[in-house]
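Take a look at the structure set out below.
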Amino acid sequence: MKKIVSFGEIVWDTFSDGRVLGGAPLNFAYYCSRLGIDAKLISAVGRDAKGAAALETMARYGLSTSLVLENEHPTGKVNISLDGGRDATYRILENSAWDYIECFDSAADEVSSADAFVFGTLAQRSEVSSGGLSRLLEACPSGCVKAVDVNLRLNFYTKKTICFSLEKADVVKLNEAELDKICDILGYDGDALMRAKFIFDAFGLKYLILTRGEDGYTIFEKGGMFIGRAKKVKIVDTVGAGDAFFAAFMASVLNGASSDAAAEKGAELAAEVCSRRGAFCF
């Protein structure tokens with residue numbers, strides 16, 4: 001069984017009529033576990049009711065909580081508003097428990113035997129978590145695939161964070177808006193395909209995954225690129241769709257699938273998630 005360790009935020013995604021457990025790294029680990037991967041998450045929750053509920057929910061869905069720290073800061077929360085097209089906008093609570101994820105021995109031990117280590121840009125908004133991430137990256141073994149989920153929310157990113165993440169990455173997943181922001185920061189002009197090719201080449205990536213919502217996806221790899229279509233489905237909301245695509249893609253390539261077959265699996269799972277409420281939906 002392949003092993004993937006992810007790093008980053010645990011939050012409660014809070015809608016006008018309720019809440020569901022989420023956070024891109026948690027969503028990713030959750031979907032990977034549903035696909036038969038040994039998936040663990042390095043994160044933190046508060047010593048509060050929301051933290052206890054998060055740990056209970058993870059355990060109920062069969063996810064290990066052994067690498068989730070508890071600290072004195074409040075458990076993460078994101079207020080989500082959906083527009084008429086069911087796209088989400090986010091208000092993210094600052095100074096949350098996941099801003100204080102330190103490197104600890106058992107986390108480094110798990111990373112040292114991982115087939116893939118996956119992290120995002122959002123969890124690097126604090127010095128504590130970004131420092132913990134840096135030390136965990138040093139623990140990755142030779143051959144471990146390092147994958148980055150670009151997540152440029154609000155003002156919680158810098159040029160330094162972006163460049164650090166891309167330099168460490170073998171695989172990058174981002175959407176068109178994030179691609180534009182990164183290329184604007186790096187001073188590169190051109191259309192979407194030119195910009196994606198620039199990032200792919202500049203950082204020597206193995207794969208670049210450009211998600212395009214209902215328009216599908218584009219995958220760049222050594223030797224070329226290909227474009228795929230999204231699966232048609234009645235959308236309930238889009239929360240977690242990108243995480244699902246990424247999880248299915250990574251799980252598939254680690255198990256020997258071609259990139260086009262892996263992307264097809266990603267599109268299928270993303271469509272299923274879009275047809276349900278929230279990210280933690282199976």
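The values are calculated or read from the model by the stated rules, or taken from the named source; none is laboratory data. Quick caveat, the model's predicted, so the values are computed rather than measured. Here the Cβ positions follow ideal geometry from the backbone for every residue, glycine too, while neighbour counts run over all protein chains shown.
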Given the criteria assigned to a helix (DSSP H, G or I), over 19 Å from GLY62 (Cβ atoms), in contact with an Asp or Glu (Cβ under 8 Å, 6 or more places away or on another chain) and of a type in the set (A, V, I, L, M, F, W, C), does PHE226 qualify?
no
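Having 2 or more residues that are surrounded by fewer than 18 Cβ atoms within 10 Å (Cβ to Cβ), modelled with pLDDT under 95 and among the polar types (S, T, N, Q) is the bar; report the strands (runs of 3 or more DSSP E) wholly within region 1-88 that clear it. It would help to see each step written out before you state the result.
Working: elements: 3-7, 11-15, 18-22, 38-46, 68-71, 76-82.
The strands (runs of 3 or more DSSP E) meeting that bar are 76-82.
Quick check on my filter: what residues within region 251-279 are part of a loop (DSSP other than H, G, I, E, B) and in contact (Cβ under 8 Å) with a residue 60 or more places away in the chain? Let's see the steps before the verdict.
Keep residues of region 251-279 that are part of a loop (DSSP other than H, G, I, E, B), which gives 255-258, 275-279.
Those that are part of a loop (DSSP other than H, G, I, E, B) and in contact (Cβ under 8 Å) with a residue 60 or more places away in the chain: ASN255, ARG277, GLY278, ALA279.
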Mind checking whether some residue in region 125-140 is under 23 Å from LEU210 (Cβ atoms), of a type in the set (S, T, N, Q), touching a residue at least 24 places away in the same chain (Cβ under 8 Å) and buried (at least 23 other Cβ atoms within 10 Å of the Cβ)?
no
Is it true that GLU214 is of a type in the set (Asp, Glu) and at pLDDT 95 or above?
no
Could you list all residues from region 152-204 that are outside any helix (DSSP H, G or I) and more than 18 Å from the chain's Cα centre (by Cα)?
GLY187, TYR188, ASP189, GLY190, ASP191, PHE203, GLY204
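Give the residue that is surrounded by the fewest Cβ atoms within 10 Å (Cβ to Cβ), with candidates limited to residues of region 141-151 that are out of contact with any Cys (no Cβ under 9 Å at 6 or more places or on another chain) and without any contact (Cβ under 8 Å) to a residue 40 or more places away in the chain. Before you say what the answer is, go through the steps one by one.
Applying the first criterion (out of contact with any Cys (no Cβ under 9 Å at 6 or more places or on another chain)) to region 141-151 yields 141-145, 147-151.
Now drop any that are not without any contact (Cβ under 8 Å) to a residue 40 or more places away in the chain, which leaves 141-144, 148, 150.
Working: PRO141: 11, SER142: 4, GLY143: 8, CYS144: 20, VAL148: 25, VAL150: 25.
Here the residue is SER142.
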Name the pairs: first residue in region 223-250 and among the hydroxyl-bearing types (Ser, Thr, Tyr), second residue part of a helix (DSSP H, G or I), Cβ to Cβ under 6 Å, at least 6 apart or on different chains?
THR238/CYS274
